[in-house]
Every structure is written in C-alpha cells, then in structure tokens.
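Below is one structure, written out as structure tokens; comments come after it.
The values are calculated or read from the model by the stated rules, or taken from the named source; none is laboratory data. Everything quoted here is computed from the prediction, not taken from an experiment. Positions of Cβ are generated from backbone atoms using ideal geometry, with glycine treated the same way; all protein chains shown enter the neighbour counts. Remember, those area values only see protein heavy atoms, side chains included, never the ligands or the DNA or RNA. Shrake-Rupley method; radii C 1.70, N 1.55, O 1.52, S 1.80 Å.
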Amino acid sequence: MSRRHSASGWFHTGLPLLLAVTLSGCVTTVYQPLVSLQRPVIIDPQVANFEGQRFLLRCIPGDYLGLDEAQQLCQHLRTLFTTQGAQVDVQVQQGGMAGGDEEGAARPDLIIDLRARLLHVDNSPLLWILSGLTLTLVPAITDSSFSQDVTIRDSSGFVLASDNLQGRFVRYSGFSVWAVNGVLDLLVRSEAEKLGGDRANRDFSRDFYGQLSQLAFNAHMRSEVMRSFEPKPPSSTK
C-alpha cells in the first residue's frame, strides 16, 4: 500500500473517529435569557404558593419540542407545581387530540397551555469541517434561540395571563474552548460565573420555572380578585 493511499485512508476513517473522541465531553454551552426570562421573580417556588388549587397543564408539541420532549416538560412542570401545593393534571396533544392520563379529572382552577417554537438556528457545516481539520482547536458552534408561549386561563376559558419567554443557547464543541473555560472556572470565576458542567441547563431551569411560577401566581391572584375573594364553588367533574 502506498504512503499516499495510507494517508488518505487515515483521513477518511481515523479523523472522524478522532474528532468524535475529542468532542465527547468537550462541549461548552452558554445560555442567554432574551425576553421575559431575565425579569425578577418575587415568589419562592419552593413554598406552598398554590395550596388547594388544581391545575391542568397542556403541553403542545411543535417544531422545537417533539412528543417525547413535550411529555417530559409537562412532567417536570407537574413536579414544580406539586411542590408548591397544587394538584396537577397533565395533557399532551397527540395527532391533533389532547391526550393525558387524567381522564375524568375534576374541574381545574387554572389551565396552563405551553407551546414552544424554534426561532433561529445557525450550525455551519464549514465550521465543523474546519474544526475537524484543526482537531477542534477551532470550535464548531451551534447557535439557536427559542420561544415558549404561555397562556393561563380559568375553568371557563377566560385568559388570566399570557407571556412569551425567549432564550438562546450557544454550544461550542471543541477541546480549546472547553479547556480554557475549565481553567477559568477553576482559577478565576466565581461559582455564579462558571460555564462548565450543566450550568447552562441549571440557569435556564431556574429562570424558566421561576417565571412560570410567578405567572401562575399572578393569574391565580387575578382570578381571586375577579371573584372578590369569595370561596370557590365545589369542583365538579368534566
């Protein structure tokens, strides 16, 4: 076998393998709140803000969240609101129909609809090729932004609150960025400034869950004011 042929074979087989090994774990994700997610939250999501309330969560799959992701989102939000004292039913739209595991559940106090949309994605193939040729010294970058539409209604369908939450994730795949940030996290940055590990996911979850909790609390208080704080009627089944 000629030296030229051997080098060509390494390029086509060895380089992709080396790139995959190098990139595994060498990923830095940066989260940036864009719209509404950066607002201050007054309530504490760890206390019983919704004691005695019943919520219906309806997560709608779309171009940003598939069916499995929508189900996961609803389950996470069920845990969020259950921790705050609410009884939570879940529905996930399937093939145009709302499906869930709470058939015949009692009439909800709040109905929370969530629909996610992908606003923008930039993932250049040329940058991935350049990253491979430089053995990831030049990082591959995936830049995406999303929108989460939230609408909260009472049991009659009246809109109590709505909002549009937007965020951005920038994903750097490459050893150089990962190594530099690892050193800075270790030696320079404070705990709140670190970028390594699952920091981006934790920061997003804090903002997203906090804003949803605050929005639900505002809707609940508006409902109470509209009823002049009269005791709510007994729940009836659907």
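Tell me which residues, restricted to the range 49-89, are in contact with a helix residue (DSSP H, G or I) (Cβ under 9 Å, 6 or more places away or on another chain), of a type in the set (Val, Ile, Thr) and over 23 Å from LEU118 (Cα atoms). Across the range 49-89, the qualifying residue is only VAL88.
Here GLN46 meets each of (1) touching a helix residue (DSSP H, G or I) at 6+ places or on another chain (Cβ under 8 Å); (2) over 21 Å from ASP163 (Cα atoms); (3) modelled with pLDDT under 90 with one exception, condition (3).
Counting only residues that are part of a strand (DSSP E or B) and among the aromatic types (Phe, Trp, Tyr), how many does the range 115-168 have? Looking only at that region, the number is 1. Within the range 59-85, being within 18 Å of ILE152 (Cβ to Cβ), surrounded by fewer than 20 Cβ atoms within 10 Å (Cβ to Cβ), in contact (Cβ under 8 Å) with a residue 24 or more places away in the chain and in contact with a strand residue (DSSP E or B) (Cβ under 7 Å, 6 or more places away or on another chain) holds for one residue alone: ILE60.
Among the residues of the range 121-134, are any open to solvent by 70 Å² or more (accessible area, probe 1.4 Å) and in contact with a helix residue (DSSP H, G or I) (Cβ under 7 Å, 6 or more places away or on another chain)? Within the range 121-134, not a single residue is open to solvent by 70 Å² or more (accessible area, probe 1.4 Å) and in contact with a helix residue (DSSP H, G or I) (Cβ under 7 Å, 6 or more places away or on another chain). The residues of the range 146-196 that are open to solvent by 40 Å² or more (accessible area, probe 1.4 Å), at pLDDT 70 or above and touching a helix residue (DSSP H, G or I) at 6+ places or on another chain (Cβ under 7 Å) amount to a single one, PHE175. For the range 26-38, the criterion of being in contact with a Ser or Thr (Cβ under 7 Å, 6 or more places away or on another chain), under 17 Å from LEU212 (Cα atoms) and of a type outside the set (D, E, K, R) is met by at least one residue.
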